[in-house]
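The values are calculated or read from the model by the stated rules, or taken from the named source; none is laboratory data. Note that the structure is predicted; figures quoted are calculated from it, not measured. Cβ placement follows ideal geometry from the backbone for every residue including glycine, while neighbour counts extend to all protein chains displayed. We work out accessible area using only protein heavy atoms, side chains counted, and drop any ligands, DNA or RNA first. Shrake-Rupley method; radii C 1.70, N 1.55, O 1.52, S 1.80 Å.
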Amino acid sequence: MARSSTRPDARLLAPVQGLLRRASALSVLAGLLWPVQAAAIATAIAGWIDGAGLKTSLLAAAVFLAAGVIRAGLDHLAGAWLFDAADRVVADHRQRLLARALIAPGPESSAETAALAVQKLPMLTPWVTRYQVAMARVMVLPLVLIALTAWLSWAAALVLLVAAPLIPVFMALVGMAAEEASRRQLDEIGTINGMLMDRVSAMLDIRLLGASDRAITDFASRAEALRQRTMAVLRVAFLSSTVLELFAALGVAMVAVYVGFSLLGVLRFGAWGTPLTVWQGIFVLLLAPDVFQPLRDLAAAWHDRAAGRAVAEELEAAEAAPRVPLIGDGGTALPLAGPLSVVLQGAAADLPGRTLALPDLTLAAGEALALTGPSGAGKSTLLAVLAGLTPLASGRLEVCRQALDPDTADGWRGRLAMLPQRVHFGDTTLRAFLDPLDSGADPGPALALARADGIVARLPDGLDTRLGETGGGVSGGEARRLMMARAVVMGRELLLADEPTADLDPETAALITSALLDLKARGMTLVVATHDPALAAAMDRVVEVAP
Amino acid sequence: MTRPQTRALLRALRLLLAASPRAFLRGAVLAVLVLSFGAALLGLSGWFITATGIAGLAGVGIAFDTFRPAAGIRFLALGRTAARYGERVLTHDATLRALAALRVDLLRRLTRGDARTLARMRGETALTRMTSDVDALDALVLRLLLPAVAALVTYALTGLLLAAIAGQTVAIVVTLGTLPLAVLLLWRLARRGAAPSERAEARLQDLRRGLIDARRDRAALVLAGRLPDRTHSLCTTETQARGAARDVDRAERGAAFGFAVLTHAVTAAALLTGAWLVQTGMLDPARAAIAIFVALALAEPWPPLRRGLAELGRARAAAGRLMTDPAPPTPAAGRQADSTAPLVQIDREGLELTLAPGEAAALTGPSGVGKTRLLMALAGLAVTESQGLRIAGLPPEDWNDTDLRDILTLVPQRSALLQGSIRDNLALALPAPPAPDLSDDARFWAVLDTVALGDTLRARDGLETLLGESGSGLSGGETRRLALARAILRRPRILLLDEPTEGLDPATAENVMTDLRRALPETAILAALHRGDRHAIFAKRIELSL
């Protein structure tokens, strides 16, 4: 079934097709109960005219209510199954997205991944729960109801038969403009939110310029212009649903008028031989609105389908994007045994869409190595390769006398730490940041070694300070020193540092350099990518990374 | 579920309504017309068929007045369609107006925030959360206010009409049989949905932040061996978010079931009441039939309300976050500034400085020592850190905000530009929004040349050069210079600069500082610098140390 169609939306729904089909069947069944209810009402009213007595009405009311409760129950159950289906689709894709975003990140930014997982995936729910079931109802219910009508009166059926199928034709005509229009409406709301975010981001500047009033007036007039443009589009878009309403209302009205005139004996055609009875007239009238209802539901679900398909396509694109898988699974493993060593020979890094040749390199325990070379030559890539974060396309990488592969990578990483240019703090306390494995070690000596004790003393809550999204309250140089302290607390033996002194004032750069040298004196092995000649000179050896 | 949240929600509702009471009213009137016409169409059709049936059986069909009912049916059918179109147009119009009003109000309250609040608002998490909250409140008009008003008015109207046509008993059964139970069902739905809808939103926001954090932190997580743990905890949050969404769905489906049973029961009750009235000869069958048809039609107003009420908890929490003031209002007109006092005075232990018009000072010290905080405090945006500071003789917090902005401008380290043209961005610095003035262009080019941006922009689209979101399209150094140009346009008496030369090569930095001094000869300048502090324009230097 999944193979019969190559469209992304069909593939997306394939795993829940069974649930959807059962729910659709239930929903159609619920719709088929309406003629029973209509018959009950017709029986009661016809009985009043014939003088049939209260008992008939009582029976009719009981049948009507019972069928109504069964219908509500069926719809309720169908709704539960539909929600299950949607939930399963969202769960599958979101959990896969989460795992993949961390183990094998692709070209998309973290904000894009988060938007897909958090905002866009839930847009699948209305599509899954509404579209297919609405389609099933449209295929069955109008035809059944028109057939029932035709059984009693071909003329009334003809009215419905003309009105109902014409709806899709007119809708298609108006709808072509409307679909474009409704997409534009969504875009416009996106635009006004974008405008708001833009101003909120710039609010500090706006305030400092004393331009608050001006900025607000400007925002209001842009929002007003946007409203006028949007309304111009919506006025056209709403025409398509109006066509539907018009045909539905006219269809019901014409059936009512036809039936009335037939009952009066003014019209003598349309029934099969005998004139229409009151019972038949009321029954036919009650069926008429429900011929159109499934069409209206389908029209409402149309937008959900468009939104759902867009998300499905985006999911497939994310799936197909080139990714850089991690070597190993990034979990804890016993650190590799033996003395620390690295040999890199004839290697090229495997980057999305290209490879990058790397210099040969050997490293023994306690050594300090500087990587120099122009920006873009691959110093950061080399550090990532050494940490097993970027795989090799060719060549050999040996760590602690073993090949770096999925079995050894996690153990190898258990012995090293990285110092990135931009340290990112999660939403944890400084204490938890310094000791992520919760060993309970006292971070004091490590902080002193990394020249970071003063930073902690200055923070309002000391080690219990939460650093938050952008490392609030800690400068770039301070963050790097805290990161070095973390490597010491975790007992790592090799530190891979990426431009540790870049963008710092000379005093802070000197602090970092002396902290690095202290780490080296304590036996830490260092690999430092740097442009800073003073720092490079302080290392044992220099390896030039050529572009 | 707290009272402040409820108060905030009511404030939001008032604000949304006040945005366009007339558009809202017209939309509500049409919504009532749509519902009433729908009920009337079914009721009239039912009456017509029953009455013609009776007349046909009695053989008096020829005498039956068919013209008026048939015309009425056609009128109602067309009228309902037209009203529906008008309703959709007008309610969307009201919603769009409300949407804008909500955002304007939010911006206005944010303009009163201090440096810390405003810096926090810039974060990606804060911005996406705000978008999501604003969206939650947007839906209030279309999903809650309008349908609720329309449902109640329709019931009242239909009840009165039914009473006039088919008698009080029938009217009471149909309206009073429905309303109390319907309100009860809705109230229960709002209660059951409140906690899970709030929780669903909170978990989704957690998931967003957690995922972004983990992605940026990936290398550190891998090296600490925590990647599987983190993935697992994200998946747990994800499961919780879906669990909460499931609870909301269950509450909503429960309410849908309740309404289906309720409307069927009321229709059955109308049928029995009609039967009894017909039996006892108090009502003719045609009028009794009206009650059944109207009861059937009155199921229509409820479904649109369900979603709004199920999500009420989320909307209330969003209102609680958005509709409360981020900062106390600025003090009213302060004391008079002292025209003889120095423009800027810093008098703290180990840090003393006075600046007169035309003087310039460099503020140095290692990063993290508090240079930015000192500048923000001088600009009146860090009220708690302003001890020992005076602007023209007054502590910054005693200044009226408008007056302080008139004489003092600060160019922060990370300037944010707006999406739009260079002209839009520069125009922000002009005193009031006047009509476009040709002399403005000359002034704009003069300041752009002062900051050495003129030639760059002339090579592009000049003042019409468009910047993307958050001012993208300029390099870091160009952004800083444009922000500086904006500050020069203000012609402030005091100019505070936070690292103005960062990202500029030494020669450009030299030129920009010299031209700045020439453009603003009478201005007192204080610049936080860690490079280029030996520049000639800075006659004074102070140093902040740990």
All positions within segment A:457-484 that are open to solvent by 20 Å² or more (accessible area, probe 1.4 Å), in contact with a helix residue (DSSP H, G or I) (Cβ under 9 Å, 6 or more places away or on another chain) and away from chain B (no Cβ under 11 Å): A:461, A:463, A:464, A:466
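May I ask you to say which residue of B:125, B:131 is at the interface with chain A (Cβ under 8 Å from one of its Cβ atoms), touching a residue at least 40 places away in the same chain (Cβ under 8 Å) and in a helix (DSSP H, G or I)? Spell out how you get there, then give the answer.
Details: B:131 fails: touching a residue at least 40 places away in the same chain (Cβ under 8 Å).
Testing whether each residue is at the interface with chain A (Cβ under 8 Å from one of its Cβ atoms), touching a residue at least 40 places away in the same chain (Cβ under 8 Å) and in a helix (DSSP H, G or I) leaves just B:125.
Residue by residue, here is whether (1) touching a Lys or Arg at 6+ places or on another chain (Cβ under 7 Å); (2) more than 17 Å from residue B:477 (Cα to Cα); (3) within 14 Å of chain A (Cβ to nearest Cβ) holds:
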position: B:495; (1), (2), (3): no, yes, yes
position: B:507; (1), (2), (3): no, no, no
position: B:515; (1), (2), (3): no, no, no
position: B:523; (1), (2), (3): yes, yes, no
position: B:538; (1), (2), (3): no, yes, no
position: B:541; (1), (2), (3): no, yes, no
Can you tell me which of A:41, A:45 is crowded, with 20+ Cβ neighbours inside 10 Å, assigned to a helix (DSSP H, G or I), in the same structural domain as residue A:152 (by TED's automatic domain parsing) and under 53 Å from the mean Cα position of the chain (by Cα)? A:41
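So that you can scan it fast, the table gives a plain yes or no per residue for (1) within 30 Å of residue B:133 (Cα to Cα); (2) surrounded by fewer than 20 Cβ atoms within 10 Å (Cβ to Cβ); (3) at pLDDT 85 or above; (4) in contact with a Cys (Cβ under 8 Å, 6 or more places away or on another chain):
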residue: B:323; (1), (2), (3), (4): yes, no, no, no
residue: B:327; (1), (2), (3), (4): yes, yes, no, no
residue: B:367; (1), (2), (3), (4): no, yes, no, no
residue: B:374; (1), (2), (3), (4): no, no, yes, no
residue: B:390; (1), (2), (3), (4): no, no, yes, no
Pick from segment A:213-233, criterion within 9 Å of chain B (Cβ to nearest Cβ) and either in contact with a Lys or Arg (Cβ under 8 Å, 6 or more places away or on another chain) or not in a helix (DSSP H, G or I) (or both), ranking: farthest from residue B:293 (Cα to Cα): A:215
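Can you tell me which residue in segment A:96-106 is nearest to residue B:204 (Cα to Cα), limited to those that are open to solvent by 30 Å² or more (accessible area, probe 1.4 Å) and facing chain B (nearest Cβ under 9 Å)? Break it down stepwise before answering.
Narrowing segment A:96-106 to residues open to solvent by 30 Å² or more (accessible area, probe 1.4 Å): A:96, A:99-100, A:103.
Checking the rest, the ones that are also facing chain B (nearest Cβ under 9 Å) come to A:99, A:103.
Numbers: A:99: 16, A:103: 21 Å.
Top of the filtered list is A:99.
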Tell me yes or no: at least one residue of segment B:406-415 is basic (Lys, Arg), modelled with pLDDT under 85 and either under 28 Å from residue A:474 (Cα atoms) or open to solvent by 10 Å² or more (accessible area, probe 1.4 Å) (or both). yes
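Can you tell me which residue is modelled with the lowest pLDDT among those in segment A:410-425 that are within 9 Å of chain B (Cβ to nearest Cβ) and either open to solvent by less than 10 Å² (accessible area, probe 1.4 Å) or under 22 Å from residue A:340 (Cα atoms) (or both)?
Our first condition is that a residue be within 9 Å of chain B (Cβ to nearest Cβ); within segment A:410-425, this holds for A:410, A:413-414, A:416-418, A:420, A:422-425.
Checking the rest, the ones that are also either open to solvent by less than 10 Å² (accessible area, probe 1.4 Å) or under 22 Å from residue A:340 (Cα atoms) (or both) come to A:410, A:413-414, A:416-418, A:420, A:425.
Working: A:410: 93, A:413: 94, A:414: 92, A:416: 93, A:417: 93, A:418: 93, A:420: 88, A:425: 80.
This residue is A:425.
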Within segment A:254-280, residues crowded, with 24+ Cβ neighbours inside 10 Å and out of contact with any Leu (no Cβ under 7 Å at 6 or more places or on another chain) come out as A:260
How do the pairs read when you match residues in segment B:174-203 that are over 13 Å from residue B:316 (Cα atoms) with residues anywhere that are polar (S, T, N, Q), using Cβ under 8 Å and keeping only pairs 6 or more apart or on different chains? B:174/B:158; B:175/B:158; B:178/B:263; B:203/B:237; B:203/B:240
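Which one is farthest from the chain's Cα centre (by Cα) among residues in segment B:92-105 that are more than 7 Å from chain A (Cβ to nearest Cβ) and open to solvent by less than 10 Å² (accessible area, probe 1.4 Å)? It would help to see each step written out before you state the result.
Taking segment B:92-105 first, the residues more than 7 Å from chain A (Cβ to nearest Cβ) are B:94-95, B:98, B:101-102, B:105.
Those still in the list that are open to solvent by less than 10 Å² (accessible area, probe 1.4 Å) too: B:94, B:98, B:102.
Numbers: B:94: 15, B:98: 9, B:102: 5 Å.
Restricting to residues being more than 7 Å from chain A (Cβ to nearest Cβ) and open to solvent by less than 10 Å² (accessible area, probe 1.4 Å), the top hit is B:94.
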Here are some conditions: (1) β-branched (Val, Ile, Thr); (2) modelled with pLDDT under 90; (3) farther than 24 Å from residue B:290 by Cβ. Residue A:342 meets all but one. Which one does it not meet? (2)
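Is there a residue in segment A:391-401 that is under 33 Å from the mean Cα position of the chain (by Cα), in contact (Cβ under 8 Å) with a residue 40 or more places away in the chain, closer than 30 Å to residue A:547 by Cα and part of a loop (DSSP other than H, G, I, E, B)? Show your work before the answer.
Going residue by residue through segment A:391-401, those that are under 33 Å from the mean Cα position of the chain (by Cα) are A:391-393.
After this cut, where a residue has to be in contact (Cβ under 8 Å) with a residue 40 or more places away in the chain as well, the list is A:391-393.
Then keep just the ones that are closer than 30 Å to residue A:547 by Cα; that gives A:391-393.
Filter once more, keeping what is part of a loop (DSSP other than H, G, I, E, B): A:391.
Yes, because at least one residue in segment A:391-401 is under 33 Å from the mean Cα position of the chain (by Cα), in contact (Cβ under 8 Å) with a residue 40 or more places away in the chain, closer than 30 Å to residue A:547 by Cα and part of a loop (DSSP other than H, G, I, E, B).
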Residue under evaluation residue B:536, criteria (1) under 31 Å from the mean Cα position of the chain (by Cα); (2) open to solvent by 50 Å² or more (accessible area, probe 1.4 Å); (3) of a type in the set (A, V, I, L, M, F, W, C), criterion not met: (1)
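Each row is one residue, and each column tells you yes or no for (1) surrounded by 21 or more Cβ atoms within 10 Å (Cβ to Cβ); (2) more than 8 Å from every other protein chain (Cβ to nearest Cβ); (3) closer than 30 Å to residue A:495 by Cα.
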site: B:172; (1), (2), (3): no, yes, no
site: B:175; (1), (2), (3): yes, yes, no
site: B:183; (1), (2), (3): no, yes, no
site: B:215; (1), (2), (3): no, no, yes
site: B:221; (1), (2), (3): yes, no, yes
site: B:230; (1), (2), (3): yes, no, yes
site: B:233; (1), (2), (3): no, yes, yes
Residues that are assigned to a helix (DSSP H, G or I) and among the hydroxyl-bearing types (Ser, Thr, Tyr), drawn from segment B:228-283: B:231, B:233, B:236, B:237, B:239, B:263, B:267, B:273
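Given the criteria open to solvent by less than 60 Å² (accessible area, probe 1.4 Å), more than 13 Å from chain A (Cβ to nearest Cβ), touching a Leu at 6+ places or on another chain (Cβ under 6 Å) and part of a helix (DSSP H, G or I), does residue B:190 qualify?
Working: open to solvent by less than 60 Å² (accessible area, probe 1.4 Å): yes; more than 13 Å from chain A (Cβ to nearest Cβ): yes; touching a Leu at 6+ places or on another chain (Cβ under 6 Å): yes; part of a helix (DSSP H, G or I): yes.
Criteria met by residue B:190.
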Odd one out for residue A:370 among (1) more than 29 Å from residue A:522 (Cα to Cα); (2) over 26 Å from the mean Cα position of the chain (by Cα): (1)
Of all residues in segment A:300-352, count the ones that are assigned to a helix (DSSP H, G or I) and either among the aliphatic types (A, V, I, L, M) or over 30 Å from residue A:242 (Cβ atoms) (or both). 15
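Is it the case that some residue within segment A:40-48 is without any contact (Cβ under 8 Å) to a residue 12 or more places away in the chain and within 11 Å of chain B (Cβ to nearest Cβ)? Break it down stepwise before answering.
So the first thing to find is which residues in segment A:40-48 are without any contact (Cβ under 8 Å) to a residue 12 or more places away in the chain, and the list is A:48.
Checking the rest, the ones that are also within 11 Å of chain B (Cβ to nearest Cβ) come to A:48.
Yes, that holds for at least one residue.
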Restricting to segment A:485-509, count the residues that are assigned to a helix (DSSP H, G or I), more than 10 Å from chain B (Cβ to nearest Cβ) and over 18 Å from residue A:365 (Cα atoms). 3
Restricting attention to segment A:442-453, does a residue exist that is away from chain B (no Cβ under 12 Å), over 22 Å from residue B:366 (Cα atoms) and of a type in the set (Asp, Glu)? yes
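Residue-by-condition table, conditions (1) surrounded by fewer than 20 Cβ atoms within 10 Å (Cβ to Cβ); (2) outside any helix (DSSP H, G or I); (3) not basic (Lys, Arg):
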| site | (1), (2), (3) |
| --- | --- |
| A:94 | no, no, no |
| A:108 | yes, yes, yes |
| A:120 | yes, no, no |
| A:123 | yes, no, yes |
| A:129 | no, no, yes |
| A:139 | yes, no, yes |
| A:142 | no, no, yes |
| A:145 | no, no, yes |
Hey, can you tell me all the residues within segment B:8-54 that are within 15 Å of residue A:282 (Cα to Cα), aliphatic (A, V, I, L, M) and touching a Leu at 6+ places or on another chain (Cβ under 7 Å)? B:41, B:42, B:44, B:49
